[in-house]
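Read the structure below first, then the notes.
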Amino acid sequence: MSPVENKISPCVKNPDPAIPRHIAVIMDGNGRWAKSRGQSRIMGHRKGAESVRRIIRLSGDRGVEYLTLFAFSSENWQRPPREVKLLMELFISVLEKDIDILVENGVRLRIVGDLKRFGNRICKLIKKAELRTASNSCMQLTIAANYGGRWDITQACQQLAAKSSSGEINPDEINEELLSRHLVTDGMPDPDLFIRTGGEKRISNFLIWQLAYTELYFTDVLWPDFSKQNFADALQWFAKRERRFGKTSEQILSQALDNRHSEVSK
Ligand code: FPP
């Protein structure tokens, strides 16, 4: 992909409320995409990396503020060593080569997960890449690597338990908000839209706390084939959802009318 094709429209701000602020994606189907073409799974991941670049650009163009991609789960270490090695290489290549494109486009990069398992080289690259993009504010790209939702909740509980036993906090102060602030997604809004490609209809231990009220979109399209049109379809589907957060449809409607009245009378 040429640098011109990689260019995100100049920092779209104040997007349409029908556009999700935060999209979380499980990029499934790389292996099947390759198999159906008689190629190795590795070729599927390479092609999948192109779809990663595409969705970053498309999200930026539409004014999405946070894009979170599940690149490698805690369970993926069990895959054949050659495949794990290639996935690590792709990860390194994003950190080393794609970082310039992120910098040019004002994208902040964050890597979240149990990073201790990665070697020294990757940990250093992660720190460097995060630092280089730290002041960017057009969009935040978060890559979940060696991540698991249960691990995330557990590590948050460990931090809270330590603070509680040192007297820094009182156990009574622990509530949903405080726990959220100890998850790796601290500072980010919960995802509005979750997309899973590849036909499976499950969350697979991804952001299980944060997805509590997220709209869940599943498509049979395999990740390497996930196109601009497929992305537009997901956004169109999202725009039609009525997000009630436990309230009734009538309450949501009257709240929207109240908001409109107060905007008009400003
Ligand atoms: C799931 O497909 C995909 C993965 C486990 C890895 C996703 C990685 C990439 C898209 C490339 C690199 C991306 C970054 C951000 C560094 P699968 O292999 O489970 O497919 P299958 O279900 O068809 O076997």
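For the reader, a short list of remarks on this structure follows.
- Shown for the chain: cysteine residues without a partner Cβ closer than 4.7 Å, namely C123, C157.
- Annotation for K85 and E130: the two label points, set 7 Å from Cα along the Cα-Cβ direction, are 2.8 nm apart.
- Dipole magnitude of the chain about its Cα centre (Cβ charges: Lys, Arg +1; Asp, Glu -1), debye to nearest 20: 1040
- The H on the amide N of T68, modeled in the peptide plane, is under 5 Å from the matching H of I23, A24, V25, T142, each at least 5 residues off or on a different chain.
- Computed E for D172/R37 - FRET, C-beta separation, R0 41 angstrom, nearest 0.05: 0.10
- Rounded FRET efficiency, nearest 0.05, which uses the C-beta distance separating A162 from S249 and R0 of 35 Å: 0.20
Rule-based calculations on the coordinates, nothing more; no lab input. Only a predicted model underlies this, so the values are computations on that prediction, with no experimental measurement involved. Cβ coordinates were reconstructed from backbone atoms using ideal geometry, including for glycine residues, and neighbour counts include every protein chain displayed.
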